[in-house]
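Asker: Take a look at the following structure, please.
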Amino acid sequence: MHVDLAQFHVIERQGYSVVALRNGSIEPVGMARPAPANERGWKDTAVVNPREILTLLVRFEGYPGRYVFGSQILEQADKSLMRPYEVLPA
């Protein structure tokens, strides 16, 4: 995944319930795993494995406004797997 115009730390990784997701909710399962040493530090891209969610600490600098996050894989980006969000002023 990639976050435009922002940097983040990967805090932890965890699995989720596919059945719950099909029913419209996200339900973490199993134990959360801390990010390994090679993922620590500020970055704008991280690998998300199948059936996994990430907890991120994101640093927004510069301006409030609209941002996007999503896949860096072209085929997925073509399928609208980019999502906008808005950062509000403090």
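Any read-out appearing in this document is the output of simple, stated calculations on the displayed coordinates, not a laboratory observation. Quick caveat, the model's predicted, so the values are computed rather than measured. Cβ atoms come from the backbone with ideal geometry, glycine included; neighbour counts cover every protein chain shown.
Asker: Output the residue which, of all residues in the range 1-34 that are over 13 Å from the mean Cα position of the chain (by Cα) and in contact (Cβ under 8 Å) with a residue 24 or more places away in the chain, is farthest from residue 58 (Cα to Cα).
Answerer: To start, the set of residues in the range 1-34 that are over 13 Å from the mean Cα position of the chain (by Cα) comprises 5, 15-34.
Filter once more, so that each one left must be in contact (Cβ under 8 Å) with a residue 24 or more places away in the chain: 5, 15-16, 18, 26, 28.
Working: 5: 11, 15: 21, 16: 21, 18: 26, 26: 20, 28: 20 Å.
This residue is 18.
Asker: Collect the residues in the range 1-31 that are farther than 22 Å from residue 85 by Cβ and surrounded by 14 or more Cβ atoms within 10 Å (Cβ to Cβ), keeping them in residue-number order.
Answerer: 15, 17
Asker: Does the range 32-64 hold any residues that are part of a loop (DSSP other than H, G, I, E, B), of a type outside the set (A, V, I, L, M, F, W, C) and closer than 18 Å to residue 84 by Cα, and which are they? Walk me through how you get there before you give the answer.
Answerer: From the range 32-64, those part of a loop (DSSP other than H, G, I, E, B) are 35-36, 40-42, 44, 46-51, 60-64; that's our starting set.
Filter once more, keeping what is of a type outside the set (A, V, I, L, M, F, W, C): 36, 40-41, 44, 49-51, 61-64.
Result: 44, 61, 62, 63, 64.
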